[in-house]
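See below for the structure under consideration.
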Amino acid sequence: QVQIVESGGGLVQPGGSLRLSCAASGNAFRFFHMTWYRQTPEKQRDLVASITPGGGTTYADSVKGRFTISRDNAKNTVYLQMNSLNSEDTAVYYCNVKYGGSFGTYEYWGQGTQVTVSS
């Protein structure tokens, strides 16, 4: 079992910045594929950004140039730096963990952290 603790959400004005953190338990964090998803008030859940064990990154078109995903394996933590936030970024952000095991893949989700962009 992997336990995930998310933090950093909150209320921010348009144009502002926020950094989300996702800490995952275990001694195999360096092998985890980490992804941030978000669910809008309309209940749509979309991929925001992902990072591979080797550090390769993927971003949704809507956040390219504004968001940066990174990982610190020594701290078992992945970060999502969000800049130039706008109202369309308002959502519950979820941290997702995937890794391969003896009989397939394992997947875990965090509890979500609310991000609200409003003036």
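Magnitude of the charge dipole for the chain, about its Cα centre and with charges confined to Cβ atoms of Lys, Arg (+1) and Asp, Glu (-1), is about 240 debye. Relative to the current alpha-carbon distance between Val5 and Ser87, full extension at 0.36 nm per residue lengthens the span by 27.0 nm.
Counting only lysines at least 8 places from Lys64 when in the same chain, those with an alpha carbon closer than 25 Å to its own are Lys43, Lys98. All distinct Cα pairs of the chain go into the 1/r average, and the inverse of that average, the Kirkwood radius, is 14.4 Å.
Using R0 = 30 Å, the C-beta based FRET efficiency linking Ala28 and Arg66 works out to 0.45. Taking every alpha-carbon pair within region 49-94, the share separated by more than 17 Å comes to 34 percent. Think of each Lys and Arg Cβ as +1 and each Asp and Glu Cβ as -1; about the Cα centre, that makes the dipole of region 26-88 roughly 180 debye.
Solvent-accessible area assigned to carbon and sulfur over the chain amounts to 47 percent, based on a 1.4 Å probe. Using a simple spin-label model with pseudo-atoms 7 Å out from Cα toward Cβ, Thr57 and Ser119 lie 2.9 nm apart. Region 89-112 and region 52-80 have Cα centres separated by 14 Å.
How much net charge surrounds Val115 when only the other residues with a Cβ under 9 Å from the Cβ of Val115 are counted, with Lys and Arg +1 and Asp and Glu -1? Here the count lands on 0.
Which aspartates and glutamates have a Cα lying under 18 Å from the Cα of Lys75, excluding residues fewer than 8 positions away in the same chain? Result set, ordered by chain and number: Glu6.
The values are calculated or read from the model by the stated rules, or taken from the named source; none is laboratory data. Just so it is clear, the model here is predicted, and its values are computed rather than measured. Positions of Cβ are generated from backbone atoms using ideal geometry, with glycine treated the same way; all protein chains shown enter the neighbour counts. Note: accessible area is taken over every heavy atom of the protein model, side chains too, but ligands, DNA and RNA are not part of it. Shrake-Rupley method; radii C 1.70, N 1.55, O 1.52, S 1.80 Å.
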